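The values are calculated or read from the model by the stated rules, or taken from the named source; none is laboratory data. None of the values given here were measured: they were computed from a predicted structure. Please note: Cβ atoms are built from the backbone with ideal geometry, for glycine as well, and neighbour counts cover all protein chains shown. SASA here: full protein model, heavy atoms, side chains in, ligands and nucleic acids out. Shrake-Rupley method; radii C 1.70, N 1.55, O 1.52, S 1.80 Å.
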Amino acid sequence: MLSKFHGTLFLGGGFVRAVVAGEQPSDVDLFGPSKELLTKIAEELQASRGGKQFCRLHHTRNAITVISIGRITVQFITRWEFADAKALVSSFDFSVCQAVIFRDGGTKKSPWSSVTGPRFYIDLAARRIHYTHPVREEEAGGSLMRALKYQRRGYVMQIESLAGVVSRLVAKLDPSKVDTKDEGAVTRIMLGLLQEVDPSIAVDGLEITDDHETPIEGFSEADQS
C-alpha cells in the first residue's frame, strides 16, 4: 500500500522499533501531510480488507484505526500532520521511536528511504528510553504513561529523562489555580492530567488500546477464535 503514495505516507514509531529490536509489533502507525489524505487511504485499506463487513474504522480525535480479524491493526495518526520525514522523527518523545520509513521513488535498486534520530540505534540496543523534549501539542501526561509502559517491557530510563518527562507534566500546573504547597491538591491535578491521556492512540506501538480485542460488529466470539 505504501508504494502508491510516494513521499506522502510515512511508517514510523513503534512498528519500526519493534522490528529492529526483534519484538512482536502490536500495530502499524502511519503518518501523512493531511487528515483528508489519511482518511482516504484508511478507507481504501478497509475496502481492500473486505469492506465494512470484515473491517471497521475506529475514529478518535487522534487517529483512524483500521481493525480487522486476523490482520495487524493499522493506525493513521491524524492529530499531527507531516509532509517531511525529518520533522516526523523530531516529533517522537523517545529516541527509541525516532525511526521513519517511506517510499520516495528513489532508484530502481532502492525506492525506499529512511530517517532515524541520532540515538535511535544505541538507545534501542541498550533498551534505554531517552526523552527528546519534542515541541508538539499533546496531553501533558502522555510521555509519562508511555514511559511506564516501556519500563514494563524491560526498558530503562535514566534520571535526566525522568526529570524531563515530569517537568512536562509540572509545566501544566497553574499556580494561580492551585496551591503548589498543598500536596493533595497537586496530586489531584496531576491525576486529572494523566487521565486526560487518550488511550486510543498508540503512536509508540505499545498496547494502549483495547480495540485489538474488541469484537467487530457482526462477528461472534467464536468467529474470531
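Only a single item in (1) crowded, with 18+ Cβ neighbours inside 10 Å; (2) outside any loop (DSSP other than H, G, I, E, B); (3) at pLDDT below 85 is not met by R188, and it is number (1). When the residues of the stretch 148-185 are filtered to those that are of a type in the set (D, E) and loosely packed, with under 11 Cβ neighbours inside 10 Å, the one that is nearest to R79 (Cα to Cα) is D174.
Restrict the check to the stretch 57-75 and report whether at least one residue is touching a helix residue (DSSP H, G or I) at 6+ places or on another chain (Cβ under 8 Å), within 22 Å of S113 (Cβ to Cβ) and at pLDDT 90 or above. There is at least one residue in the stretch 57-75 that is touching a helix residue (DSSP H, G or I) at 6+ places or on another chain (Cβ under 8 Å), within 22 Å of S113 (Cβ to Cβ) and at pLDDT 90 or above.
Evaluate the following for R136: is it part of a helix (DSSP H, G or I), in contact (Cβ under 8 Å) with a residue 40 or more places away in the chain and open to solvent by 10 Å² or more (accessible area, probe 1.4 Å)? So that I can check it myself, show each step before the final result.
On the way: part of a helix (DSSP H, G or I): no; in contact (Cβ under 8 Å) with a residue 40 or more places away in the chain: yes; open to solvent by 10 Å² or more (accessible area, probe 1.4 Å): yes.
No.
Count of the stretch 26-47 residues, restricted to those that are part of a helix (DSSP H, G or I) and either touching a helix residue (DSSP H, G or I) at 6+ places or on another chain (Cβ under 9 Å) or not polar (S, T, N, Q) (or both), is 12. Would you point out which residue out of R103, R128 is touching a Leu at 6+ places or on another chain (Cβ under 6 Å) and either open to solvent by less than 60 Å² (accessible area, probe 1.4 Å) or within 26 Å of L9 (Cα to Cα) (or both)? Sole residue among the options that is touching a Leu at 6+ places or on another chain (Cβ under 6 Å) and either open to solvent by less than 60 Å² (accessible area, probe 1.4 Å) or within 26 Å of L9 (Cα to Cα) (or both): R103. Taking strands (runs of 3 or more DSSP E) as the structural unit, those lying wholly within the stretch 48-89 and holding at least 2 residues that are open to solvent by less than 10 Å² (accessible area, probe 1.4 Å) correspond to 63-68, 73-77.
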